[in-house]
1. Say whether the condition of being touching a residue at least 24 places away in the same chain (Cβ under 8 Å), surrounded by fewer than 20 Cβ atoms within 10 Å (Cβ to Cβ), acidic (Asp, Glu) and within 17 Å of Ile221 (Cβ to Cβ) is met by at least one residue in region 104-111.
2. Any idea which of Ala88, Ala100 is over 18 Å from Arg11 (Cα atoms), buried (at least 17 other Cβ atoms within 10 Å of the Cβ) and small (Gly, Ala, Ser)?
3. Given Arg201, Arg169, Arg181, which one is more than 16 Å from the chain's Cα centre (by Cα) and surrounded by fewer than 14 Cβ atoms within 10 Å (Cβ to Cβ)?
4. So which of Arg40, Arg11 ends up being free of Cβ contacts under 8 Å to residues at least 60 places away in the same chain and part of a helix (DSSP H, G or I)?
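All of the numbers you see were taken from the coordinates with simple rules; none came from a lab. Predicted model only: the values in this text are computed from it and were never measured. Note that we place each Cβ from the backbone using ideal geometry, even for glycine, and neighbour counts take in every protein chain shown.
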Amino acid sequence: MSLPEGAEKQRMVRDMFDAIAPRYDLVNRIMTFRLDVRWRKRTVRDLALPSGSRVLDLAAGTGDLCRDLAAAGHRPLGVDLSYGMLAAARTDAPLVQADALRLPCADGVADGVTCGFALRNFVDLPSFLAEVGRVVRPGGRIALLEVAEPRNPVLRFGHGVYFGKVVPRIGGLLSDGSAYRYLPKSVAYLPTPDRLIASVREAGFGDATRTLLNGGIAQLIVGTRDR
């Protein structure tokens with residue numbers, strides 16, 4: 001399967017998430033053994049903002065992070081390109097259909113930004129990070145959750161087999177097979193860890209750090225907007 005770029009990638013990603021929206025949460029819970037629930041709670045915790053903060057959740061999907069943000073006392077606003085995902089959302093937070101590379105928001109409007117498992121789906125990651133830097137106020141915070149590859153070679157091999165072979169079968173049985181064949185391959189869009197952290201810092205989050213979760217199968221990037 002070849003990986004699309006540019007406008008073709010944007011159309012494919014939007015249409016794919018429209019298609020898998022109805023069973024997206026179910027498949028996520030099954031294929032991660034509910035670890036995704038724990039990872040999202042960790043994301044909100046490490047965002048480390050006071051209660052009442054205005055947080056944009058980008059690529060909000062069905063609203064998982066919006067619910068966790070609200071439970072922590074924040075005021076989330078969910079943004080997603082896919083109308084299908086927003087239509088399937090289970091959150092009371094306000095939702096907006098928009099391109100995260102061109103947010104309909106004023107400069108510095110947000111106290112924080114979260115994003116779960118979507119960095120590899122953006123057409124241009126540096127442009128996304130620059131937009132995040134634009135909308136987060138000085139001193140605001142970001143927490144970006146994404147898949148990763150374990151450093152340990154044995155774990156990396158096992159994870160590769162599971163993510164590349166088993167996950168597409170689960171997705172094919174419960175949802176859309178082509179979508180879940182694409183998702184493991186989409187990891188190829190991610191830059192190296194060093195380049196990723198450098199890009200986040202260049203976007204205005206000079207103290208950005210990267211933490212590996214559960215042996216390295218997921219990663220969490222947090223940082224504070226430069227003052």
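1. No, region 104-111 has no match at all.
2. Ala88
3. Exactly one of Arg201, Arg169, Arg181 is more than 16 Å from the chain's Cα centre (by Cα) and surrounded by fewer than 14 Cβ atoms within 10 Å (Cβ to Cβ), namely Arg169.
4. The conditions single out Arg11.
To keep it simple, each residue is scored yes or no on (1) touching a Phe, Trp or Tyr at 6+ places or on another chain (Cβ under 8 Å); (2) in a helix (DSSP H, G or I).
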{"residue": "Arg137", "(1), (2)": "no, no"}
{"residue": "Leu155", "(1), (2)": "no, yes"}
{"residue": "His159", "(1), (2)": "no, yes"}
{"residue": "Lys165", "(1), (2)": "no, yes"}
{"residue": "Ser178", "(1), (2)": "no, yes"}
{"residue": "Pro184", "(1), (2)": "yes, yes"}
